[in-house]
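Note sheet for the following structure.
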Amino acid sequence: MTNSFAKDVLAGLTAKSKYLSSKYFYDDNGSRIFQEIMNMPEYYLTDAEFEILSMQSKQILEALEFSTPFNIIELGAGDGFKTFKLLEYLVNNNVNFNYVPIDISQEAMDILSERLKKRLPGINIKPKVGDYFEILSANKDSDYPSLLLFLGGNIGNYLQDKANELIKLFNDNMKVRDKLLIGFDLKKNPITIHNAYYDKHGITKRFNLNLLLRINRELNADFKIDDFDFYCHYNPITGEVKSYIVSLTKQKVNIKALNTYVEFDYNELIWTELSKKYALDEICNLAETNNFKLKSNFLDCKHYFADSLWEKLP
């Protein structure tokens, strides 16, 4: 149990409108459930980005314009499924690079390293577990240019001011002319988006309720999982999907490690996640606001998703 987890849970569940941070979804069990989500036929994001990185690796490499060996630093690497096609292309074409995957899950990094060493024996991999920015700040001293990967539409989990804050932090921890390849889920038919997040298999529900199980386990709480449900809503104007845990009854939960009882009203909501979908002009604005030049948007054939390549300006 980390102090920040305990502090954030306390702040979120005692707020007037309850919330829990989506960054706590990804304990080892949450990471495993998220793999199931990515394998759902309705969850188009994985296939769309996989297509981009499979079909356009050559164009991405050319757009980097790196003449020396370089680092590829992947933030939140997970199982590395999508990135594999890009790495495979680079290894097969004898491109000289170091791959530095970063994740908060030690289990995810162990599995990824083992798999990559088997499938791409020539790869130079240096996995790191921990906080992005501690690891990134050390990379600023590297003699080599870097490509940061922030894939999977993760930027959509941040409110506008927090998204700017995060991208500014990326910029602060990069060298001039380093590149950032960042994934954006694009605005599209609202039904397509709704089906991806409010899935009939109940996997996304399990993913959300796993947060309560984690609080039970790590903070010695007594959430009764059957007394909670899951709901999400997409607003096609703002591009925001918002996810919630719903209390099905008036109840009181004891979180012993926090020495706190939390009361829930009948049908009270806990906001767990934002997943914003972007228009192409919003992507351009985000880059320019944070001292980046947008080099290229790589889109899948359905234009569901964009991997956007940015360069840090002086």
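The values are calculated or read from the model by the stated rules, or taken from the named source; none is laboratory data. As the structure is a computational prediction, the values presented were derived from the model and not from experiment. With ideal geometry, Cβ positions are generated from the backbone for all residues, glycine too; neighbour counts draw on all protein chains shown. Surface areas here come from the heavy atoms of the whole protein model, side chains and all, with no ligands, DNA or RNA. Shrake-Rupley method; radii C 1.70, N 1.55, O 1.52, S 1.80 Å.
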Out of 175, 188, 179, 162, report the one residue that is closer than 29 Å to residue 59 by Cα, charged (D, E, K, R) and under 19 Å from the mean Cα position of the chain (by Cα). 179
So which residues in segment 187-197 are in contact with a strand residue (DSSP E or B) (Cβ under 7 Å, 6 or more places away or on another chain) and open to solvent by less than 10 Å² (accessible area, probe 1.4 Å), if there are any at all? 193
Residues that are in a strand (DSSP E or B), surrounded by fewer than 17 Cβ atoms within 10 Å (Cβ to Cβ) and among the acidic types (Asp, Glu): does segment 226-235 have at least one? yes
Taking segment 62-109 and the residues there that are in contact (Cβ under 8 Å) with a residue 12 or more places away in the chain and of a type in the set (D, E, K, R), the one that is nearest to residue 29 (Cα to Cα) would be 107
(1) in contact with a Phe, Trp or Tyr (Cβ under 7 Å, 6 or more places away or on another chain); (2) of a type in the set (A, V, I, L, M); (3) modelled with pLDDT of 95 or more: which one isn't true of residue 75, the others all being true? (3)
Qualifying positions in segment 261-290 - more than 16 Å from residue 185 (Cα to Cα) and surrounded by fewer than 16 Cβ atoms within 10 Å (Cβ to Cβ): 261, 263, 265, 266, 267, 288, 289
Of residues in segment 66-110 being assigned to a strand (DSSP E or B), touching a Ser or Thr at 6+ places or on another chain (Cβ under 7 Å) and of a type in the set (A, V, I, L, M, F, W, C), the one nearest to residue 174 (Cα to Cα): 73
Scope segment 162-186; condition among the hydrophobic types (A, V, I, L, M, F, W, C), open to solvent by 20 Å² or more (accessible area, probe 1.4 Å) and in a helix (DSSP H, G or I); matching residues: 169
